[in-house]
Each structure stands twice: as C-alpha cells, then as structure tokens.
Amino acid sequence: MPITTALYAGLLGLMAFGVAFPAGRLRGRLNVPVGDGGNPELLCAMRRHANFVEWVPLALILIALLELNGVSTTVIHVLGAVLVVSRIAHAVGLRPDTIKSVPRLLGATGTVLVTVVASVWLILLYLRHPA
C-alpha cells in the first residue's frame, strides 16, 4: 500500500473542494447553469478547478508507482509536498486579469517538475529491471 502517497492524495482530495466550491458558488450567484456565461471571474474559477483535475491525478499515480517500486519515503514526501505547494500556488496565482503571476508560474513549474521527475524515474526503474 502506498501509504505515504495516500497522505498527499488525501490532502489534494480536500484541496479539490477548495478549487471546485468557489466555481460552483459563483456559478449559482451568477445564475449560469452551463459554461462561463461570459464572466471572466467564473471562467477563471472554472480553469482553477479544471487545471487541478488535469494535472493532479496523473502526478499522484506516478508518485504512487514510485512508492510501490520502493523509492524512498523521503523522495515521496518531497514530490508530494512540492505537488501540494505547487497546486496551492497555481490556484492563488491564476487570475483573470493577467498571465504574469509569480505564484501561477511557480505552481505550474512545480507541477510539471514533479510530473517529469516521476515519469523519468519510472522509465529508469523499468530499464534497470531485469527482463
């Protein structure tokens, strides 16, 4: 059981509500049943949620596979913590009025870094595994 990854899955699962709930609340307040209704704030809230859903599941699967393959708990904690901090930064930094946001950049970069590092590590594990 990838118990260390489970910690980060739980934290990120709770964070999913943190990015989904504001979008739903704003949708109700604006009375927009589908789409963004042309409202930039709603579109941004929707993208916060969508971006989270686009990246987090894959990153968690990759981290869990590393843990299942015996990668050290320290590495799993580092990858998980970077992913959590990155997703918070990205959500805080994603704004409807500018693309130039340091938290957004750091969040996106951290998420991609975790995904790439875990992916390459898994490929190397496979290549080193005896056939």
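The values are calculated or read from the model by the stated rules, or taken from the named source; none is laboratory data. For clarity, every value in this text was computed on a predicted model and none was experimentally measured. Cβ placement follows ideal geometry from the backbone for every residue including glycine, while neighbour counts extend to all protein chains displayed.
Summary table
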| quantity | calculated |
| --- | --- |
| Verdict on Ile3 being closer than 30 Å to Leu125 by Cα, among the aliphatic types (A, V, I, L, M) and loosely packed, with under 13 Cβ neighbours inside 10 Å | yes |
| Condition check for Ala81: surrounded by fewer than 21 Cβ atoms within 10 Å (Cβ to Cβ), over 12 Å from Met15 (Cβ atoms) and modelled with pLDDT of 95 or more | yes |
| Test: residue in region 43-65 that is touching a Lys or Arg at 6+ places or on another chain (Cβ under 9 Å), basic (Lys, Arg) and over 17 Å from Leu11 (Cβ atoms) | no |
| Residue within region 38-53 that is under 30 Å from His129 (Cα atoms) and surrounded by fewer than 16 Cβ atoms within 10 Å (Cβ to Cβ) present | no |
| Residue list for region 7-28, filter: surrounded by 11 or more Cβ atoms within 10 Å (Cβ to Cβ) and either at positive phi or without any contact (Cβ under 8 Å) to a residue 40 or more places away in the chain (or both) | Gly13, Phe17, Ala20, Phe21, Pro22, Ala23, Gly24, Arg25, Leu26, Arg27 |
| Condition check for His77: in contact with a helix residue (DSSP H, G or I) (Cβ under 8 Å, 6 or more places away or on another chain) and farther than 30 Å from Thr98 by Cβ | yes |
| The lone exception for Ser119 - which of (1) surrounded by 14 or more Cβ atoms within 10 Å (Cβ to Cβ); (2) in contact with a helix residue (DSSP H, G or I) (Cβ under 7 Å, 6 or more places away or on another chain); (3) more than 17 Å from Thr5 (Cα to Cα); (4) without any contact (Cβ under 8 Å) to a residue 60 or more places away in the chain it fails | (3) |
| Counted residues, region 94-118 - those being at pLDDT 95 or above and within 15 Å of the chain's Cα centre (by Cα) | 16 |
| In region 54-72, the residues that are in contact (Cβ under 8 Å) with a residue 40 or more places away in the chain, under 20 Å from Gly110 (Cβ atoms) and exposed (fewer than 15 other Cβ atoms within 10 Å of the Cβ) | Leu58 |
